[in-house]
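The values are calculated or read from the model by the stated rules, or taken from the named source; none is laboratory data. Model, not experiment: these values are computed from the prediction. All Cβ positions, glycine included, derive from the backbone under ideal geometry; neighbour counts span all protein chains shown.
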């Protein structure tokens, strides 16, 4: 009897302890930032910011996000409403957009050759080059068309837009892919690949799938040939808007309860794919991922870097995101970037070392998964597999490329587990739909996911 009681007591104690476990709160990035200016190290942090950051003459704004809340925010000649060109931080936003398109099956995996993304140009080099090479600044292309003087470009971007057609970019002189070479012109091809794969400009695609989840409303983003936005620079954001991308990556692609970017893509983007050999202009950023800079070959800290000191720095170990806006028309902008990066890494981030009780980043559990339909393309019937991680109301719908609802395949409460459903290519009236590209979408509770499929008659 005593043994039974002891067993029950242990179970009760375990249950009480389990209820006391706290799980990381996932910030809803579509909402305004919450603040926590009175956190335990606030005085120390503000003192270091005042002596190490505010004293840099080119700094316009500096923000620190800890555990999803603003713990320090300071502006110098600007304010929280100031929206500026974030320059090459734009590249990291492009990386996220490409990742979303890959997640949804709208474009091929980056390991595919570039000829799969640009099939109409008949350029032999595209059978060797991959999108992976373009995302990692190892395309082998020369940077032939992007202006060498960024200030000339700033005042007269038309000289760049007049030259950035897809064919001209793909026809730039090349050597062989694989070696790091920082190349704005080649990087712009990521925006073109996104455009041809989704039939949407980067701005349109972001306006549908990324910006609303980050609370970003129709930002200025320069565009040119076929209205394709610059894939290397020219996205204008406030500091609060800009750092939300870093927080999204820190949260494994979740904004609140909605996952908009896969954890797989984030891990792939923030691991080292190529050594940069750069340790001066931007500090010790020795490795490169998918348009993210890394301070080492394991991605323990990854950063987005823009001309003159536009920075997003993500520290997963500390649950920390740090951002900066800087004046590109100030003095010695390269030196400013170097010093600013150094002080973020060596003066600001270490303050949070004692607060990092868990040295390993907590992974947010997935709630649903939606697989690629099979077969795809298909003629008369295809299967769609999906998994639920809890009992919830599930809706699966099919849309055409213009966003028009074609058919609701399912709307009911289902238990957790792996499922499969079929579609015979008919609309809600039982009529067969024509050949073309369609999208299927699952919504389960607060979670959703979309993929592309193709019908060929």
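Is it fair to say residue 398 is part of a strand (DSSP E or B) and at pLDDT 90 or above? Yes, satisfied. Meeting the requirement of 1 or more residues that are modelled with pLDDT of 90 or more, the helices (runs of 4 or more DSSP H) wholly within region 105-206 are 114-117, 131-135, 166-170, 184-198. When region 51-66 is filtered for residues that are touching a residue at least 12 places away in the same chain (Cβ under 8 Å) and either assigned to a loop (DSSP other than H, G, I, E, B) or surrounded by fewer than 18 Cβ atoms within 10 Å (Cβ to Cβ) (or both), the ones remaining, listed by number, are 54, 56, 57, 58.
Looking only at region 411-427, residues that are exposed (fewer than 12 other Cβ atoms within 10 Å of the Cβ) and touching a strand residue (DSSP E or B) at 6+ places or on another chain (Cβ under 6 Å) come to 5 in all.
A Cβ distance below 8 Å, combined with a sequence gap of six or more or placement on separate chains, defines the contacts here; from region 174-200, residues that are on the phi > 0 side of the Ramachandran plot reach residues that are buried (at least 21 other Cβ atoms within 10 Å of the Cβ) in the pairs 178/133; 178/138. Taking the conditions (1) out of contact with any strand residue (DSSP E or B) (no Cβ under 7 Å at 6 or more places or on another chain); (2) over 14 Å from residue 96 (Cβ atoms) in turn, residue 236 satisfies each one other than (1).
Residue-wise test of (1) under 14 Å from the mean Cα position of the chain (by Cα); (2) within 28 Å of residue 30 (Cβ to Cβ); (3) crowded, with 23+ Cβ neighbours inside 10 Å.
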site	(1), (2), (3)
71	no, yes, no
77	no, no, no
89	yes, yes, yes
92	yes, yes, yes
96	yes, yes, yes
118	no, no, no
124	no, no, no
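Among the residues of region 201-220, those that are in contact (Cβ under 8 Å) with a residue 60 or more places away in the chain and surrounded by 19 or more Cβ atoms within 10 Å (Cβ to Cβ) comprise 202, 205, 206, 209, 210, 213, 214.
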